[in-house]
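Visitor: Have a look at the structure that comes next, please.
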Amino acid sequence: MSNSSSITEFLLLAFADTRELQLLHFWLFLGIYLAALLANGLIITTIACDHRLHTPMYFFLLNLSLLDLGSISTTVPKAMANSLWDTRAISYPGCAAQIFLLVFLISAEYFLLTVMAYDRYVAICKPLHYGTLLGSRACVHMAAAAWGSGFLTAVLHTASTFSLPLCQGNAVDQFFCEIPQILKLACSDAYLREVGVIVVSVCFAFGCFVFIVLSYGQIFMAVLRIPSEQGQHKAFSTCLPHLTVVSLFMSTGMFAYLKPPSISSPSLDLLVAVLYSVVPPALNPLIYSMRNHEIKDALRKLITGCFSEGINCLMSSA
């Protein structure tokens, strides 16, 4: 038996036992990570550089890309390093930092998606008041509230989790540190302290979920009242990316934490963790840019401009 005061590191779950499969996981994660960095980086750069995209919807999208970059950078690089160097170790402070950052970024993203639902509600249901209700100051305040709420949530959960005495060893059944796996290591009579924090977080999460559902209920009713089919299609197309991202975010997260214990297994838990922590940050930029002509045009101009500047620099130096 061990306690938290004697634990200096945790042992993460290895993807595979053979060296060949470990290297395969490294290259697979490297490809996904680089794709996520490129896609989210392009979204951020495009929105920041194109003045036509300086609107509330794209301001929130820029914040979403920042959160996606942070969340995938919290888990994937360490997993790649462990696979490359054939190790499972993560230090005690490193594990605490990983949990703090992951809870902070994922919670902030959920709050931000709730704010983005409000943005779509105002744009479609109250278009004449859009500029008043979602001015630049209001947008900054709402984005700051999302980031701040995520930060407070992370502080509460991290402090509560790592104040528990750990009596069940230091092996974490996941490829990154997460709260449920750390709670499995806690003494049987101690983990109840974290339950209160979890209940409060669930209540807030449920409140955000209800707000998103009610917002889209009002949106769909308003869209169906639009007389022209073209107008309905245009209104739906502005909501579809956000609705897709919310569905992906919530379905993977709910399955990860609410699946029945009877179907739980280390391999399934590993797969589900990849689905909710790695896949959404890589797919979100594609979902938002796939059918968005404004982003496509801005991206095309950005890439063309960078390519032209590169050609001019080469020609001037020759």
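Visitor: Is it the case that residue 89 is modelled with pLDDT of 95 or more and of a type in the set (A, V, I, L, M)? Explain how you work it out, then say what you get.
Guide: Values: modelled with pLDDT of 95 or more: no; of a type in the set (A, V, I, L, M): yes.
Answer is no for this residue.
Visitor: Here's another thing I want to ask about it. With respect to residue 241, is the statement that it is at pLDDT 80 or above, over 30 Å from residue 92 (Cα atoms) and touching a Ser or Thr at 6+ places or on another chain (Cβ under 9 Å) true?
Guide: Values: at pLDDT 80 or above: yes; over 30 Å from residue 92 (Cα atoms): yes; touching a Ser or Thr at 6+ places or on another chain (Cβ under 9 Å): yes.
Against the criterion (at pLDDT 80 or above, over 30 Å from residue 92 (Cα atoms) and touching a Ser or Thr at 6+ places or on another chain (Cβ under 9 Å)), residue 241 qualifies.
Visitor: Right, here's the next one. Considering only residues that are touching a helix residue (DSSP H, G or I) at 6+ places or on another chain (Cβ under 7 Å) and either outside any helix (DSSP H, G or I) or at pLDDT 80 or above (or both), look in the stretch 181-193 and name the one that is nearest to residue 13 (Cα to Cα).
Guide: Let us first name the residues in the stretch 181-193 that are touching a helix residue (DSSP H, G or I) at 6+ places or on another chain (Cβ under 7 Å), namely 182-183, 191, 193.
Narrowing the set further to residues that are either outside any helix (DSSP H, G or I) or at pLDDT 80 or above (or both) leaves 182-183, 191.
On the way: 182: 13, 183: 16, 191: 22 Å.
The extreme case among them is 182.
Visitor: Also: I'm trying to understand the selection: among the residues of the stretch 65-81, which are touching a Leu at 6+ places or on another chain (Cβ under 6 Å), farther than 23 Å from residue 23 by Cβ and crowded, with 21+ Cβ neighbours inside 10 Å?
Guide: Scanning the stretch 65-81 gives 67, 71.
Visitor: Further, regarding this structure: When you check residue 26 against the structure, is it open to solvent by 40 Å² or more (accessible area, probe 1.4 Å), hydrophobic (A, V, I, L, M, F, W, C), touching a helix residue (DSSP H, G or I) at 6+ places or on another chain (Cβ under 6 Å) and part of a helix (DSSP H, G or I), yes or no?
Guide: Values: open to solvent by 40 Å² or more (accessible area, probe 1.4 Å): no; hydrophobic (A, V, I, L, M, F, W, C): yes; touching a helix residue (DSSP H, G or I) at 6+ places or on another chain (Cβ under 6 Å): yes; part of a helix (DSSP H, G or I): yes.
It is false that residue 26 is open to solvent by 40 Å² or more (accessible area, probe 1.4 Å), hydrophobic (A, V, I, L, M, F, W, C), touching a helix residue (DSSP H, G or I) at 6+ places or on another chain (Cβ under 6 Å) and part of a helix (DSSP H, G or I).
Visitor: Give the residue, chosen from 71, 65, 91, that is farther than 24 Å from residue 115 by Cα and polar (S, T, N, Q). Write out each step before concluding.
Guide: Values: 71 fails: farther than 24 Å from residue 115 by Cα; 65 fails: farther than 24 Å from residue 115 by Cα.
The conditions single out 91.
Visitor: Just to be sure, is residue 59 over 26 Å from residue 133 (Cα atoms) and at pLDDT 90 or above?
Guide: On the way: over 26 Å from residue 133 (Cα atoms): no; at pLDDT 90 or above: yes.
Considered against the rule, which asks whether it is over 26 Å from residue 133 (Cα atoms) and at pLDDT 90 or above, residue 59 comes out as no.
Visitor: Which of the residues belonging to the stretch 87-103 are outside any helix (DSSP H, G or I) and over 14 Å from residue 76 (Cα atoms)? So that I can check it myself, show each step before the final result.
Guide: Kept after step one, since they are outside any helix (DSSP H, G or I), are these residues of the stretch 87-103: 87-91.
87, 89, 91 - these are the residues of the stretch 87-103 that are outside any helix (DSSP H, G or I) and over 14 Å from residue 76 (Cα atoms).
Visitor: Within the group 196, 207, which residue is open to solvent by 30 Å² or more (accessible area, probe 1.4 Å), among the small types (Gly, Ala, Ser), modelled with pLDDT of 85 or more and assigned to a helix (DSSP H, G or I)?
Guide: Numbers: 196 fails: modelled with pLDDT of 85 or more.
The conditions single out 207.
The values are calculated or read from the model by the stated rules, or taken from the named source; none is laboratory data. The model shown is predicted, which means the values in this text are computed figures rather than measured ones. We place every Cβ from the backbone using ideal geometry, glycine too, and count neighbours over all the protein chains shown. Heads up: the accessible areas ignore ligands, DNA and RNA and are worked out on the full protein's heavy atoms, side chains in. Shrake-Rupley method; radii C 1.70, N 1.55, O 1.52, S 1.80 Å.
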